[in-house]
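Single-structure report; data block below.
The values are calculated or read from the model by the stated rules, or taken from the named source; none is laboratory data. This one's a predicted model, so the numbers in the text were calculated from it and none came from an experiment. A quick note on method: Cβ atoms are made from the backbone with ideal geometry, for glycine too, and the neighbour counts reach across all protein chains shown. Please note that ligands, DNA and RNA were not included when accessible areas were found on the heavy atoms of the full protein model with its side chains. Shrake-Rupley method; radii C 1.70, N 1.55, O 1.52, S 1.80 Å.
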Amino acid sequence: GSFSSPPRPNSAVAMLDASYPGSLPVLSRSAAMAAAVSSAALGCRVHPVSRFERKHYFYPDMPAGYQITQQRWPIATGGRVVCRDLYRRHRKAGEGDRGASRFEVGVHRVQLEQDSGKTVAGPEGASLVDLNRAGAALIEIVM
């Protein structure tokens, strides 16, 4: 396939993402559906009610000074990811047993949250901020 060049820094920033006064967030229906489907695929309990909250902290790539998240009231909890131990599969015979060929990792919660921007190194040690991805919905899986 072909790859397109990423957009120029700060060329795709919405008013909410730049924290303009009066701008309000809107829940992305497709992000909520993707989170519910992902949660079900992980065997999580999808809750009939979840809530968003502000997690306050300062980073240069988060102009509002807070992140919209579901840290305390996530869309889903529980579940697991089954993994294969690829190291064991490729070991030579007689190297000893290093555990099962499959193992599970528990999922604590699945939540939707707002992505931050990106801080990149600039000339002479300066830090530059690109807000193109700021405010984008993301699914966070907390193990």
Point to revise | Test for residue 9: is it part of a loop (DSSP other than H, G, I, E, B), open to solvent by 80 Å² or more (accessible area, probe 1.4 Å) and modelled with pLDDT of 85 or more | key: yes
Practice item. Scan segment 27-62 residue by residue and report those that are open to solvent by 60 Å² or more (accessible area, probe 1.4 Å) and farther than 27 Å from residue 107 by Cα. Key: 58, 59, 60
**Study point:** Top-ranked residue of segment 78-114 - restricted to ones that are assigned to a strand (DSSP E or B) and open to solvent by 90 Å² or more (accessible area, probe 1.4 Å), ranked as modelled with the highest pLDDT
**Key:** 80
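If you check 74, 21, which single one turns out to be out of contact with any Leu (no Cβ under 6 Å at 6 or more places or on another chain), at pLDDT 95 or above and over 16 Å from residue 117 (Cα atoms)? Working first, answer last.
Values: 21 fails: at pLDDT 95 or above.
Every option except 74 fails the conditions.
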Review point. Quick one: how many residues across segment 26-51 are more than 15 Å from the chain's Cα centre (by Cα) and in a loop (DSSP other than H, G, I, E, B)?
Key: 10
**Study point:** Test: residue in segment 12-20 that is under 21 Å from residue 141 (Cβ atoms) and among the aliphatic types (A, V, I, L, M)
**Key:** no
Revision key, fill the gap. Looking across segment 130-139 at residues that are open to solvent by 50 Å² or more (accessible area, probe 1.4 Å) and in contact (Cβ under 8 Å) with a residue 60 or more places away in the chain, the single one that is farthest from the chain's Cα centre (by Cα) is 137
